[in-house]
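Everything below concerns the one structure shown next.
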Amino acid sequence: MVAAVLYDKGTVFIFRRNPSQSGAGAWEFPGGKIEPGETPEAALKREIREELGVEIEVEDKVGENVHQYPAKKIHLHFYWAKVPKQAFKLSDHDAYQAVRPEDLPLSLLSEADRPLVDVLKKHPRLKV
């Protein structure tokens with residue numbers, strides 16, 4: 001699985017899963033599954049287009065995490081992407097916000113995304 005860490009001027013964007021989605025109400029870095037034959041970068045571009053209605057340029061990898069949920073285990077790869085100039089058109093989410101890494105709501109984040117917070121707090125890319 002892949003997720004985008006959309007960033008701009010020292011903040012990262014998190015998105016809240018809408019009530020009809022699994023993980024409803026949890027905030028997350030958006031992304032999804034890698035389809036057979038896709039690279040992680042191509043999968044992330046496709047997922048963001050589908051979920052947020054925007055085109056992104058995938059940059060380098062930020063980190064990864066393996067997380068065991070009650071029903072499944074996921075291996076999540078996080079990639080940087082600058083916030084696009086187009087407006088988001090949310091489909092799988094009902095809200096988003098820009099947050100400085102030190103203000104990320106850890107208890108509200110998806111469990112699989114939480115370990116990335118410490119990486120983001122220290123990352124030079126987010127220092128303004």
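Just how far, in whole angstrom, is region 1-39 from region 40-105 if you go by their alpha carbon centroids? Cα centroid to Cα centroid, the span is 3 Å.
If you rank Glu35, Glu59, Glu47 by fewest surrounding Cβ atoms within 10 Å, what's the result? Intermediate results must be reported in sequence, preceding the final value.
Working: Glu35 10, Glu59 15, Glu47 23.
Listing Glu35, Glu59, Glu47 from fewest to most nearby Cβ atoms yields Glu35, Glu59, Glu47.
Kindly provide the helix-only [θ] at 222 nm of the chain, computed as the sum of -39,500 (n - 2.57) over DSSP H runs of four or more divided by all residues, to the nearest 500 deg cm²/dmol?
Values: 2 runs with 20 residues, N = 128.
About -4500 deg cm²/dmol.
For the residues Pro19, Pro70, Pro30, a GNM of the chain with alpha-carbon springs under 10 Å puts the largest fluctuation on Pro70.
State whether region 1-65 is rounded, prolate or oblate according to the following rule on the C-alpha gyration tensor (a ≥ b ≥ c being the square roots of its eigenvalues): a/c under 1.5 gives rounded; otherwise a/b larger than b/c gives prolate, and the remaining case gives oblate.
Working: a/c = 1.59, a/b = 1.12, b/c = 1.43.
Oblate shape, in that a/c is at least 1.5 and b/c is the bigger or equal ratio.
For region 1-121, the relative contact order works out to 34 percent when only alpha carbon pairs closer than 8 Å and six or more residues apart are counted. Each principal axis of the Cα cloud of the chain was taken in turn, and the coordinate range along them, longest first, works out to 37, 30, 26 Å. Among Lys61, Lys127, Lys45, the ranking by other beta carbons within 10 Å of each residue's beta carbon, starting with the fewest, stands as Lys127, Lys61, Lys45.
Of the residues Ser110, Ser22, Ser91, the one with the fewest other Cβ atoms within 10 Å heads the list, and the complete ranking is Ser22, Ser91, Ser110.
Rule-based calculations on the coordinates, nothing more; no lab input. A quick note: this is a predicted structure, and the numbers were derived from the prediction, not measured. Counting neighbours? That spans all protein chains shown, and the Cβs are built from the backbone with ideal geometry, glycine included.
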